[in-house]
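Novice: Please read through the structure below; I'll follow up with questions.
The values are calculated or read from the model by the stated rules, or taken from the named source; none is laboratory data. From a predicted model like this one, the values you see are computed outputs, not experimental measurements. FYI the Cβ positions are ideal-geometry reconstructions off the backbone, even for glycines, and counts take in every protein chain you see. Surface areas here come from the heavy atoms of the whole protein model, side chains and all, with no ligands, DNA or RNA. Shrake-Rupley method; radii C 1.70, N 1.55, O 1.52, S 1.80 Å.
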Amino acid sequence: MPQRTIAIIGAGIGGLTAAVALRQAGFEVDIYEQAPELTEVGGGINMGPNATRILYRLGFGDALDREAVRPASTHQRRWQDGRTLQRAPLNPRCEELYGAPHLTVHRADLLSIIASGFPAERVHVGHRLVGSSDRGDHVEAWFENGARITADVVIGADGIHSALRATLFGAEAPVFAGCVAYRGLVPVERVADLGLEIGSQSWVGPGGHFVHYFVAGGRLLNFVGWTEHDTWNREDWTDRATVARALTAFEGWHPQVRRIISAAETCFVWALFDREPLPRWSVGRATLLGDACHPMYPFMGQGAAQAIEDGVTLTACLVAGEGGAPAEALSRYEELRRPRVTRLQEMSRANKTRFHLADGPSQEARDAEWARARDRGPDALRWLYDFDASTLR
Ligand SMILES: Cc1cc2nc3c(=O)[nH]c(=O)nc-3n(C[C@H](O)[C@H](O)[C@H](O)COP(=O)(O)OP(=O)(O)OC[C@H]3O[C@@H](n4cnc5c(N)ncnc54)[C@H](O)[C@@H]3O)c2cc1C
């Protein structure tokens with residue numbers, strides 16, 4: 001049985017998944033979360049089989065089958081006339097190909113499902129990390145509330161503004177990525193007249209794109225509408241925008257898009273921030289995971305999925321390295337993870353340009369390429385979906 005004690009900073013999707021995986025492997029794990037309680041706001045999340053496979057293995061299958069939705073298809077369409085650019089089956093195709101479904105789920109549901117696999121008394125809320133120091137044979141960390149803790153290994157799963165990252169590599173503010181999202185949830189009865197298939201649709205147009213899919217066992221339709229902006233001076237998942245403002249941002253778009261926005265009671269606005277990829281994630285007995293080390297634009301739908309993968313690879317490295325120096329296990333973890341997440345960071349960035357092309361020759365070339373390559377469906381994403389993060393390869 002592993003003897004090490006592990007402190008995880010941050011109880012988001014990444015931190016909680018890592019905590020469950022490490023605990024199931026026999027480690028003594030505690031989580032320190034800045035918020036006074038565990039919460040996730042901001043609507044839905046799309047998860048490919050590379051992530052759902054992990055969650056099913058960790059024991060969350062029944063809860064996910066209850067709370068999540070299995071979209072039948074993914075459908076890319078033109079912003080104005082709704083013409084199909086690509087369409088591919090998602091379920092049961094993902095299970096046939098990769099042994100796990102593609103799911104769409106409300107973030108709060110996902111967070112509480114994962115949290116149910118970890119003892120609540122070991123999640124220390126109200127603990128905002130402010131510093132840490134490697135003492136050679138252990139790490140010490142301290143918090144804004146005055147608490148100090150020690151652990152054999154500390155893992156920063158504290159998101160894009162990671163305090164542990166700043167402690168290890170110096171403070172550097174993330175940069176506004178020139179994109180803002182309008183996000184909303186609509187009770188399905190309000191859009192019943194649209195006769196939507198239980199699937200995921202994304203509409204691409206000049207300077208923006210709009211995505212919608214079902215969450216909460218099919219009771220809610222989640223939407224995210226991205227538009228490009230030059231500046232932004234706030235950064236908050238829960239900043240309110242008016243529905244009218246979102247409708248203005250999607251002026252001239254297909255009636256289905258506008259109908260979905262107007263069916264929302266309220267919507268939230270969220271700004272996209274970015275960081276350059278880090279050359280390393282670990283120093284001694286401390287490492288990072290998820291958005292703390294590799295935030296990515298959500299245009300491959302893989303940010304949370306990669307945080308989930310990080311947790312199981314990290315667990316496998318610590319198990320394999322039991323008895324050796326923790327720093328070696330952490331180095332192995334980041335060596336295994338960095339090429340994959342860097343590729344996804346780059347692809348996600350490229351999709352911002354690709355999805356937002358103005359109508360004209362480049363957009364026509366993209367549409368022709370999509371029709372030919374059909375690269376958004378699960379058959380074309382074997383490298384991404386067939387990957388087993390618990391295998392040390
Ligand atoms: C609009 C949008 C849509 C997205 N869609 C998808 C999608 O479909 N699929 C997908 O896989 N990903 C998606 N993503 C990306 C995904 O949401 C993130 O990559 C993921 O949530 C990162 O998880 P995390 O656990 O690393 O960080 P976070 O979720 O940010 O969690 C960090 C946690 O650390 C805590 N914390 C922060 N600082 C401290 C501190 N100093 N001390 C203690 N605790 C601290 C925070 O309170 C928080 O609980 C999307 C993102 C956006 C914005």
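Novice: Using a cut-off of 13 Å between beta-carbons, work out the net charge of the residues near LEU111 (Lys and Arg +1, Asp and Glu -1, LEU111 not included).
Specialist: So the environment of LEU111 carries a net charge of -4.
Novice: Return the ratio Rg/(2.2 N^0.38 Å) for region 15-132, where Rg is computed over Cα atoms only.
Specialist: 1.30
Novice: Something else now. Hey, what did the chain get for relative contact order, percent, Cα under 8 Å, at least 6 apart?
Specialist: About 22 percent, as a whole number.
Novice: What angle do you read, to the nearest 10 degrees and between 0 and 90, between the alpha-carbon axis of helix 361-373 and the longest principal axis of the chain?
Specialist: 70 degrees
Novice: Sticking with this structure for a sec: DSSP beta bridges in the chain, what fraction antiparallel, as a percent rounded to 5?
Specialist: For the chain, the DSSP antiparallel bridge percentage is about 75.
Novice: Would you work out the relative contact order for region 305-382, in percent, from Cα pairs under 8 angstrom that are 6 or more residues apart?
Specialist: The normalised contact order for region 305-382 reaches 19 percent.
Novice: Under the rule of -39500 (n - 2.57) per DSSP H run of 4 or more residues, summed and divided by the residues of the chain, what mean residue ellipticity at 222 nm is obtained, to the nearest 500 deg cm²/dmol?
Specialist: Using -39500 (n - 2.57) per qualifying helix, the result is -10000 deg cm²/dmol.
Novice: Then there's this: Select from ARG259, ARG66, ARG77 the residue whose mean-square fluctuation is largest in a Gaussian network model of the chain (Cα-Cα springs shorter than 10 Å).
Specialist: Looking only at ARG259, ARG66, ARG77, the biggest GNM fluctuation is shown by ARG66.
Novice: If you add up the charges near ALA18, with Lys and Arg at +1 and Asp and Glu at -1, over every other residue whose beta carbon is less than 11 angstrom from its beta carbon, what do you get?
Specialist: -1
Novice: Any idea of the accessible area per residue across region 1-160, 1.4 Å probe, to the nearest Å²?
Specialist: Computed with neighbouring chains in place, this is 39 Å² per residue.
Novice: HN-Hα J couplings of region 248-256 from phi, Karplus 6.51/-1.76/1.60, θ = phi - 60°, integer Hz, Gly and Pro as x?
Specialist: Per residue, the Karplus-derived 3J(HN,Hα) values read 5, 5, 10, 4, x, 7, 3, x, 5 Hz.
Novice: Translational D (Stokes-Einstein, µm²/s) of the chain at 20 °C and 1.002 mPa s when Rh comes from the Kirkwood sum over C-alpha pairs?
Specialist: 99 µm²/s
Novice: How large a share of the accessible area of region 125-242, in percent, is made up of carbon and sulfur atoms when the probe is 1.4 Å and the other protein chains stay in place?
Specialist: Details: 2520 of 5140 Å².
Answer for region 125-242: carbon and sulfur cover 49 percent of the accessible area.
Novice: Would you grab the residues whose amide H sits under 5 Å from the one on GLY44? Only those 5+ places off in sequence or on another chain, please, with H modelled 1.01 Å from N.
Specialist: ARG107
Novice: Please report, to one decimal in angstroms, the Kirkwood hydrodynamic radius of region 128-254 built from all distinct Cα-Cα pairs.
Specialist: Roughly 18.4 Å, rounded to one decimal.
Novice: Turning to a different aspect of this structure: For region 23-181, what does the relative contact order come out to in percent, with C-alpha contacts under 8 Å and a separation of six or more? Write out the running numbers ahead of the final one.
Specialist: Working: 213 pairs, mean separation 38.7, N = 159.
This gives 24 percent for region 23-181.
Novice: How tilted is helix 303-320 with respect to the longest principal axis of the chain? Cα atoms for both, answer in degrees (0 to 90, nearest 10).
Specialist: Around 30 degrees separate the two axes.
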